[in-house]
Structures are given as structure tokens and as C-alpha cells.
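Student: Can you keep this structure in mind? I'll have questions shortly.
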Amino acid sequence: IASLGKLSSSVAHEINNPLAAIIANAQLLIREIPRDNKDAHDSLQMIEIAGTRASQVVKNLLGFARKEEYDFARIDINETIHNALSLVQHELNSRPLIVTLKLKENMPPAVASKDHLQGVWVNLLMNAIDAMDPEPGEITFVTDYREKEYMISITDNGRGIPAEKLERI
């Protein structure tokens with residue numbers, strides 16, 4: 001895992017530099033292109049948005065790579081779910097899957113290790129994706145907060161865990 005973290009970190013840094021140049025140049029061109037050239041303006045804004053999104057994925061990957069450190073802080077649980085989803089977005093897009101989010105808004109911050117919690121969601125997502133049969137799969141995240149307790153439910157319609165492996169969980 002440590003080696004994977006180092007590799008992810010170096011790859012992320014290599015990707016971040018060109019992304020920064022892409023975003024900065026798109027922003028400069030947006031300012032220079034006359035507003036009446038709507039097609040060029042729209043295209044540049046799409047480049048900026050895509051670059052920013054890719055940059056966020058890289059940031060999430062870097063956070064995930066550093067998960068050996070336990071940094072407890074006040075975090076937004078729903079944000080960690082969104083970050084995990086962005087890390088596995090390619091896997092989600094390459095399969096017939098429906099991901100449903102029923103995330104309670106305005107939950108109080110939780111004190112937790114953001115990167116570790118995000119790692120839990122990534123592992124559960126990958127397990128759910130791997131358990132899907134060829135027909136469309138469904139993964140649902142539900143978050144709630146009641147009486148000073150956070151409740152997170154992740155369900156899928158995969159084939160389930162074989163009985164002989166249940167005792168290993």
C-alpha cells in the first residue's frame with residue numbers, strides 16, 4: 001500500500017503541472033476572446049471546467065495516497081463520499097450502473113480522518129462494482145444524522161458474499 005501511495009503521489013504531481021497550465025491558459029483566453037464569439041467562449045469554459053474537475057480528482061488521489069497518516073479533523077461526511085465517487089468515476093462510467101445518493105444535507109461535521117473514511121468508501125464501491133452481474137447494477141448511498149449519531153448505508157444489488165467467505169469479514 002505504501003508503494004502504491006508513492007506511485008500515486010508521483011503520478012498525481014506529474015498530471016497536476018500540465019493541468020495547471022491548461023486551466024491558466026483557458027482562463028487567459030476566456031478574458032481575451034470577445035464575448036460575441038460564443039462558440040469559442042463556451043469551448044474554453046468547458047476546457048476550464050474539465051481541467052478543474054481533473055485537478056480535483058488528482059487532489060483526491062493525493063489525499064488517498066497519504067492515507068497512512070491519521071489526521072483527525074472536522075469533516076463533511078457527504079464530501080468524502082463525493083470524493084470517493086470521483087476517484088472511481090471511470091469504473092462507474094464503464095459499466096451499466098446507477099448510483100443513487102440520498103445524502104442528508106446540513107449534517108454537523110464529524111471528527112474523523114477524511115482520507116481513511118474516503119478509503120473505506122472507495123473499497124466498498126470497488127467491492128460492489130466487482131459483485132455486479134452483467135445486468136444493470138445499482139449502488140445507493142444514504143447518510144443521516146439523528147440523536148448525535150451518523151448513519152451511513154451503502155447498498156447494492158450485486159450477487160452478495162458467498163457463505164464460505166462471510167466468516168472472514
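Student: Taking into account only those residues within the range 12-29 that are over 22 Å from the mean Cα position of the chain (by Cα) and small (Gly, Ala, Ser), which is least open to solvent (accessible area, probe 1.4 Å)? I'd like the intermediate steps shown before the answer.
Tutor: Filtering the range 12-29 for residues over 22 Å from the mean Cα position of the chain (by Cα) gives 21, 24-29.
Checking the rest, the ones that are also small (Gly, Ala, Ser) come to 21, 24, 26.
Working: Ala21: 48, Ala24: 47, Ala26: 4 Å².
Taking the candidates together, the pick is Ala26.
Student: A further question on this structure: Would you call Glu79 within 19 Å of Lys148 (Cβ to Cβ), outside any strand (DSSP E or B) and open to solvent by 60 Å² or more (accessible area, probe 1.4 Å)?
Tutor: In short, no.
Student: For the range 40-62, state whether one or more residues are part of a loop (DSSP other than H, G, I, E, B) and surrounded by fewer than 15 Cβ atoms within 10 Å (Cβ to Cβ).
Tutor: Start the filter on the range 40-62 by keeping residues that are part of a loop (DSSP other than H, G, I, E, B), which leaves none.
No - not one qualifying residue is present in the range 40-62.
So that you can scan it fast, the table gives a plain yes or no per residue for (1) of a type outside the set (D, E, K, R); (2) modelled with pLDDT under 85; (3) under 12 Å from Leu125 (Cβ atoms):
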residue: Ser55; (1), (2), (3): yes, yes, no
residue: Gly63; (1), (2), (3): yes, yes, no
residue: Glu68; (1), (2), (3): no, yes, no
residue: Arg74; (1), (2), (3): no, no, no
residue: Glu79; (1), (2), (3): no, no, no
residue: Glu91; (1), (2), (3): no, yes, yes
residue: Pro96; (1), (2), (3): yes, no, no
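Student: What are the residues in the range 72-86 that are under 15 Å from Ile154 (Cβ atoms) and over 8 Å from the mean Cα position of the chain (by Cα), if any?
Tutor: Answer for the range 72-86, where residues must be under 15 Å from Ile154 (Cβ atoms) and over 8 Å from the mean Cα position of the chain (by Cα): Ile77, Asn78.
Student: Would you mention how many residues in the range 30-39 are at pLDDT 85 or above, in contact with a His (Cβ under 9 Å, 6 or more places away or on another chain) and open to solvent by 70 Å² or more (accessible area, probe 1.4 Å)? Step through it out loud before you land on a result.
Tutor: Of the range 30-39, the ones at pLDDT 85 or above are 30-34, 36-39.
Keeping just the survivors that are in contact with a His (Cβ under 9 Å, 6 or more places away or on another chain) gives 30, 33-34.
Of the ones still in play, those that are also open to solvent by 70 Å² or more (accessible area, probe 1.4 Å) are 34.
So the answer is 1.
The values are calculated or read from the model by the stated rules, or taken from the named source; none is laboratory data. Fair warning: this is a prediction, and the values are worked out from it, not measured in the lab. Cβ atoms come from the backbone with ideal geometry, glycine included; neighbour counts cover every protein chain shown. The protein model used for the area step is the full one, side chains on, heavy atoms only, and it has no ligands, DNA or RNA in it. Shrake-Rupley method; radii C 1.70, N 1.55, O 1.52, S 1.80 Å.
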